[in-house]
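One structure below.
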Amino acid sequence: MKSEIILYKTLPKDLLKQLNDHFTVHQHQLKAEMDTSFYKDLEKAEGIIGSKLQVDQALLDRAPHLKIVTNMSVGYDNLDIEELTKRGIMATNTPDVLTDTVADTVFGLILATARRITEMDRFVKVGEWKENIGEHLYGVDVHHKTLGIIGMGRIGTAVAERAHLGFKMDIVYHNRSINTYADENLQAEYVSLQKLLKVSDYVLVMAPLLRETVKLIGQKEFDLMKESAIFINGSRGELVDEMALVQALEAKKILAAGLDVYEQEPVSKDSPLLQMKNVVTLPHIGSATAETRYQMAKLAVENLINGLTGNRPSSIINPEVLTQE
């Protein structure tokens with residue numbers, strides 16, 4: 001008899017076939033409040049695959065047979081890892097396969113914000129380009145400037161490679177630990193958060209969302225930045241006090257911002273950020289290419305199949321569950 005699983009995200013046909021070949025698949029749509037049919041299927045499910053579903057104690061209490069939760073993303077702040085581990089339930093994510101794609105997006109934000117690309121695109125399309133532009137429309141250089149990276153993990157390192165090797169930028173970073181590769185190969189310098197904020201021309205947030213990183217960047221941090229600094233967030237919106245960011249931009253405490261993530265997603269149409277010409281806003285597209293999203297889904301499916309057929313998932317977050325009695 002096949003194990004039963006819950007799928008709450010659309011998959012390519014070939015990957016969906018793989019799941020159907022191995023399991024009885026119950027498909028659902030992710031909603032703010034899941035319906036009764038979801039919880040009925042949850043009672044029998046041994047696996048869950050998708051992204052963004054809040055898997056906490058309340059949900060796990062309704063899933064007595066659950067063995068694995070597979071996130072189709074690199075982030076897993078939606079998972080209560082401590083509770084999953086306590087119950088001996090595997091948790092997996094999809095790192096590595098999206099690193100370069102997200103790094104490309106982040107560096108695109110840096111360039112678009114510095115050179116005012118979206119603003120100038122609009123300037124041309126609405127017919128305002130009638131003569132050579134004046135100084136009031138100039139952008140700022142990216143090359144040979146200082147990039148400060150808060151969170152020097154896989155993606156932060158990939159951005160640093162593009163910045164240092166491609167644009168001859170100086171790299172400073174703040175992280176939970178020293179990044180030896182970045183130090184040795186990119187001449188990066190580990191510094192305190194305060195120093196990073198003071199010296200950087202571009203401040204990039206790529207730290208994970210944890211209890212201790214919620215609103216990591218607020219008024220105090222924006223006050224430390226240069227007035228010419230450009231702020232970029234490619235991680236999670238909750239790491240930034242969005243109102244403090246708005247105030248810093250309005251008061252010209254910083255020059256501009258490039259954002260792929262927000263405190264509320266989709267971002268409210270009333271957000272002041274959407275009215276600012278010096279803010280580039282993307283709809284959380286960091287990993288959104290056809291190739292990368294396929295690889296993420298493929299890895300998630302492989303993790304689920306391995307976890308429920310007695311094999312070790314390649315990207316397990318809590319490997320200690322494998323040795324539990």
(request) Throw me the Rg/Rh for the stretch 138-237, computed over C-alpha atoms with Kirkwood Rh, two decimals. (result) 0.94
(request) Just the number, please: percent antiparallel of the DSSP beta bridges in the chain, rounded to the nearest 5. (result) 0 percent
(message) I want to verify the translational diffusion coefficient of the stretch 56-173 in µm²/s; compute it with Stokes-Einstein, Rh as the Kirkwood radius over Cα pairs, at 10 °C and 1.306 mPa s.
(response) 88 µm²/s
(message) Leaving out ligands, DNA and RNA, and with a 1.4 Å probe, what % of the accessible surface on the chain is carbon or sulfur?
(response) 49 percent
(request) Determine ³J(HN,Hα), in whole Hz, for all residues of the stretch 188-194 in sequence, where each value follows from phi through the Karplus function 6.51 cos²θ - 1.76 cosθ + 1.60 and θ = phi - 60°; x replaces Gly and Pro. (result) 6, 10, 6, 9, 5, 4, 4
(message) Can you find, among Pro12, Leu274, Leu216, the residue sitting farthest towards the positive end of the charge dipole of the chain, where Lys and Arg contribute +1 and Asp and Glu -1 at Cβ?
(response) Pro12
(request) Starting with the highest mean, order 249-258, 18-27, 228-237 by the number of other Cβ atoms within 10 Å, averaged over the residues of each peptide. (result) 228-237, 249-258, 18-27
(message) With the alpha-carbon atoms as the only input, what is the per residue convex hull volume for the chain in Å³?
(response) 158 Å³
(request) Mind ranking 67-76, 54-63 by how tightly packed they are, going by the mean number of other C-beta atoms within 10 angstrom, highest first? (result) 67-76, 54-63
(request) Averaging sequence separations of C-alpha pairs under 8 Å and six or more residues apart, then dividing by the length of the chain, give the relative contact order as a whole percent. (result) 19 percent
(request) Count the DSSP beta bridges whose two residues both fall in the stretch 119-204, then state the antiparallel fraction as a percent rounded to the nearest 5. (result) 0 percent
(request) Only helices at least 18 Å long along their axis, Cα-based, and averaging 0.0 or more on Kyte-Doolittle count here, so list those DSSP H runs from the chain. (result) 99-114
(message) I'd like to check one number: the per residue accessible area of the stretch 27-104, probe 1.4 Å, reported in Å² as a whole number.
(response) 48 Å²
(message) Probe of 1.4 angstrom, ligands and nucleic acids ignored: what's the accessible area per residue over the stretch 180-278, in square angstrom?
(response) 50 Å²
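The values are calculated or read from the model by the stated rules, or taken from the named source; none is laboratory data. Predicted model only: the values in this text are computed from it and were never measured. As a convention, Cβ positions derive from the backbone with ideal geometry for all residues, glycine included, and neighbour counts pool all protein chains shown. Please note that ligands, DNA and RNA were not included when accessible areas were found on the heavy atoms of the full protein model with its side chains. Shrake-Rupley method; radii C 1.70, N 1.55, O 1.52, S 1.80 Å.
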